[in-house]
Amino acid sequence: MTGGEPKGVGRKAVPVAVRPGPRPQPVRWLDVVAPPSFSALVSARSWCRCGFERTARGRSGVLALIEAHTAHPESCPLLNTEGS
């Protein structure tokens, strides 16, 4: 041991009082299903606990859905508490 290390603490010490807090529940999700080639078979679903829900099929539709999902927090009442 060197310097300021407490006595009895070493590499094999086990933390006994360290417990993770409750995990925050996600508010919104984005689920994309795509083959490796990102062909027309791609589909996606975006939903939020506030009621926002969209689905899309095809490459252009999924890309537009990803943009909508990214922009959603600005108008979501669960994530944007500025106006309340």
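The values are calculated or read from the model by the stated rules, or taken from the named source; none is laboratory data. These figures come from a predicted structure and were not determined experimentally. Every residue, glycine among them, receives a Cβ derived from its backbone with ideal geometry; neighbour counts consider all protein chains shown. These area figures cover heavy atoms from the full protein model, side chains too; ligands, DNA and RNA do not enter into them. Shrake-Rupley method; radii C 1.70, N 1.55, O 1.52, S 1.80 Å.
List the pairs whose first member sits in the range 18-43 and is among the aliphatic types (A, V, I, L, M) and modelled with pLDDT under 70, whose second member is outside any loop (DSSP other than H, G, I, E, B) and open to solvent by 90 Å² or more (accessible area, probe 1.4 Å), and whose Cβ atoms are under 9 Å apart, counting only residues at least 6 apart or on separate chains?
Pairs that qualify, where the first residue is among the aliphatic types (A, V, I, L, M) and modelled with pLDDT under 70 and the partner is outside any loop (DSSP other than H, G, I, E, B) and open to solvent by 90 Å² or more (accessible area, probe 1.4 Å), are ALA40/ARG57; ALA40/ARG59.
Can you find, within the range 53-63, the residue that is modelled with the lowest pLDDT among those that are outside any strand (DSSP E or B) and open to solvent by 20 Å² or more (accessible area, probe 1.4 Å)? If you could, list the steps in order and put the result at the bottom.
As a first pass, look at the range 53-63 and keep what is outside any strand (DSSP E or B): 58-63.
Filter once more, so that each one left must be open to solvent by 20 Å² or more (accessible area, probe 1.4 Å): 59-61, 63.
Details: ARG59: 86, SER60: 91, GLY61: 93, LEU63: 92.
Once the filter is applied, the top-ranked residue is ARG59.
Can you work out which of the residues in the range 64-79 that are assigned to a helix (DSSP H, G or I) and open to solvent by 80 Å² or more (accessible area, probe 1.4 Å) is modelled with the highest pLDDT?
First pass over the range 64-79, keeping only residues assigned to a helix (DSSP H, G or I): 64-74.
Of the ones still in play, those that are also open to solvent by 80 Å² or more (accessible area, probe 1.4 Å) are 67, 70, 74.
Working: GLU67: 94, THR70: 91, GLU74: 88.
The selected residue is GLU67.
Hey, can you tell me all the residues within the range 25-43 that are over 20 Å from LEU79 (Cβ atoms) and either among the hydrophobic types (A, V, I, L, M, F, W, C) or exposed (fewer than 14 other Cβ atoms within 10 Å of the Cβ) (or both)? Even if it seems obvious, please write down each step before you answer.
From the range 25-43, those over 20 Å from LEU79 (Cβ atoms) are 32-43; that's our starting set.
If the condition is that a residue be over 20 Å from LEU79 (Cβ atoms) and either among the hydrophobic types (A, V, I, L, M, F, W, C) or exposed (fewer than 14 other Cβ atoms within 10 Å of the Cβ) (or both), then VAL32, VAL33, ALA34, PRO35, PRO36, SER37, PHE38, SER39, ALA40, LEU41, VAL42 are the ones that fit.
What number of residues in the range 24-52 are part of a strand (DSSP E or B) and small (Gly, Ala, Ser)?
Start the filter on the range 24-52 by keeping residues that are part of a strand (DSSP E or B), which leaves 28-33, 43-48.
Next cut, small (Gly, Ala, Ser) only: 43-44, 46.
Number of matching residues: 3.
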